[in-house]
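Notes to accompany the following structure.
The values are calculated or read from the model by the stated rules, or taken from the named source; none is laboratory data. Nothing here was measured: the structure is a model prediction, and the numbers come from that model. Neighbour counts are summed over all protein chains in view; Cβ atoms, including those assigned to glycine, are modelled from backbone coordinates with ideal geometry. Accessible surface is based on the protein model in full, side chains and every heavy atom, while ligands, DNA and RNA are left aside. Shrake-Rupley method; radii C 1.70, N 1.55, O 1.52, S 1.80 Å.
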Amino acid sequence: MNILVLNCGSSSIKYSLWGSESSSGEQERKIFGLVDCINVRDMPSRHIRNGELVPEEVDAPTHREAVGFILNVLKGEGVERLSAVG
């Protein structure tokens, strides 16, 4: 089970992916990050993942594109299915 939690602000989106891998069903945070500088004129968006700045610029001038970017990050980590988004 994979649960994506989003916290959307006026110029950023924080995200965490929670999942249970063990038979106990206990949830653990797998991936977390932040896409910021969304809708900020003349500033490219940037991505901080698991506490570290990712050096590549993010093409996410809107929140819609930032969510798409986050979903692509999760796909790149092998997450093919989400059970819930909150």
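Give me the percent of DSSP beta bridges within the chain that run antiparallel, rounded to the nearest 5.
90
Roughly how tilted is helix 63-76, in degrees to the nearest 10 and between 0 and 90, from the longest Cα axis of the chain? For 63-76 against the chain, the angle is about 50 degrees.
Accessible area per residue for region 43-86 in Å², computed with a 1.4 Å probe and the full protein assembly in place, what is it?
Normalised by residue count, the accessible surface of region 43-86 is 72 Å².
For the chain, averaging the sequence separation of C-alpha pairs within contact (under 8 Å, six or more residues apart) and dividing by the residue count gives a relative contact order of 28 percent.
With all protein chains present and a 1.4 Å probe, how do LYS14, LYS75, LYS30 order by accessible area, largest first?
Descending order: LYS75, LYS14, LYS30.
In the chain, taking the dipole from charged Cβ atoms about the Cα centre, the farthest positive-side position among GLY51, ILE3, PHE32 is held by ILE3.
Where nothing but the Cβ of Lys and Arg (+1) and of Asp and Glu (-1) is charged, how large is the charge dipole of the chain around its Cα centre, in debye to the nearest 20? Present the calculation step by step, with values, prior to reporting the outcome.
Details: 9 positive and 12 negative charges, 43 e Å.
For this selection, approximately 200 debye.
Of the accessible area of the chain, with the probe set at 1.4 angstrom, what percent is carbon plus sulfur? Accessible surface attributable to carbon and sulfur in the chain totals 48 percent.
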